[in-house]
Amino acid sequence: VHCVNWLHAKAVQDRWKEEVELIKSEVRWMVNCFDSKCRQWEKLGAQSRERG
């Protein structure tokens, strides 16, 4: 019984570790997306100012 409880606890811990890694990746992807959009808007703003 002790071994089964330990294995269950280990599985729960592993799932939480995986979830944390996924969330960290999602945050990085979101930051990269916002950085990309920021560069796009800056480029559009510069083009607009050049055209007058």
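Every read-out reported here was derived from the displayed coordinates using simple, explicitly stated rules and does not represent laboratory data. The model shown is predicted, which means the values in this text are computed figures rather than measured ones.
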**Request:** Compute the convex hull volume of the Cα atoms of the chain, divide it by the residue count, and report the result per residue in Å³ as a whole number.
**Result:** 26 Å³
**Complete:** Residue separation between residue 37 and residue 14 times 0.36 nm, minus their alpha-carbon distance, gives in nm 4.8 nm
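Report, in deg cm²/dmol and to the nearest 500, the calculated mean residue ellipticity at 222 nm for the chain, where each DSSP H run with n ≥ 4 adds -39500 (n - 2.57) and the sum is divided by the residue count.
Details: 1 runs with 50 residues, N = 52.
Taken over the chain, the calculation gives -36000 deg cm²/dmol.
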